[in-house]
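The values are calculated or read from the model by the stated rules, or taken from the named source; none is laboratory data. Keep in mind that this is a model prediction, so the values were computed, not measured. Glycine gets a Cβ as well: all are built from the backbone with ideal geometry, and neighbour counts include every protein chain shown. These area figures cover heavy atoms from the full protein model, side chains too; ligands, DNA and RNA do not enter into them. Shrake-Rupley method; radii C 1.70, N 1.55, O 1.52, S 1.80 Å.
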Amino acid sequence: MHTFAIEGFCDWCQAPKFVTRHEYVDGKCNFSCKECLDFAAMDVRQFNKAELEFRSQQEA
């Protein structure tokens, strides 16, 4: 469940709105508005998956 309690700028549409935080496995974060939530969640999920795969290849 996402809450949109932070006033800020959406990192996807660049509009000033209420946003929610998305965390990446590398420690960074971005914020999305309700309208961009589905795309943002997919974007972050794909990045995190690729990053974890890359890290596992580096360890092997």
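Just how much of His2 is accessible, in Å², when a 1.4 Å probe is used and the result is rounded to the nearest 10?
Using a 1.4 Å probe on the heavy atoms, I get roughly 80 Å².
Whole number in Å², please: accessible area per residue of the chain, 1.4 Å probe, ligands, DNA and RNA not counted.
On the way: 4580 Å² over 60 residues.
Ligands and nucleic acids excluded, the result is 76 Å² per residue.
Here are several values of volume of the Cα convex hull per residue in Å³: (1) 178; (2) 49; (3) 78. Which one was derived from the coordinates shown?
Comparing each candidate, only (3) matches the computed number.
If I stretch the segment between Cys13 and Glu53 completely, what's the gain in nm (0.36 nm per residue apart, minus their alpha carbon distance), one decimal? Please report the intermediate quantities before stating the final value.
On the way: separation 40, 0.36 × 40 = 14.40 nm, distance 2.83 nm.
Once the chain is fully extended between Cys13 and Glu53, it gains 11.6 nm.
In whole percent, and with a 1.4 Å probe on the protein chains, what portion of the accessible area of the chain is carbon and sulfur? Kindly include the intermediate steps, with their values, before the conclusion.
Values: 2470 of 4580 Å².
Exposed carbon and sulfur together represent 54 percent of the surface.
Counting Lys and Arg as +1 and Asp and Glu as -1, each charge on the Cβ, what is the dipole of the range 1-54 about the Cα centre in debye, to the nearest 20? Can you show the working numbers first?
Values: 6 positive and 9 negative charges, 28 e Å.
Here the range 1-54 has a charge dipole of around 140 debye.
Please sort 24-36, 48-60 by packing, taking for each peptide the average over its residues of neighbouring beta carbons within 10 angstrom, highest first. Walk me through the intermediate numbers first.
Values: 24-36: 14.7, 48-60: 9.8.
Averaged packing, sorted descending, gives the order 24-36, 48-60.
Straight-line reach from Lys49: which lysines have a Cα under 25 Å away, not including same-chain ones fewer than 8 places off?
Those lysines meeting the cut-off are Lys28, Lys34.
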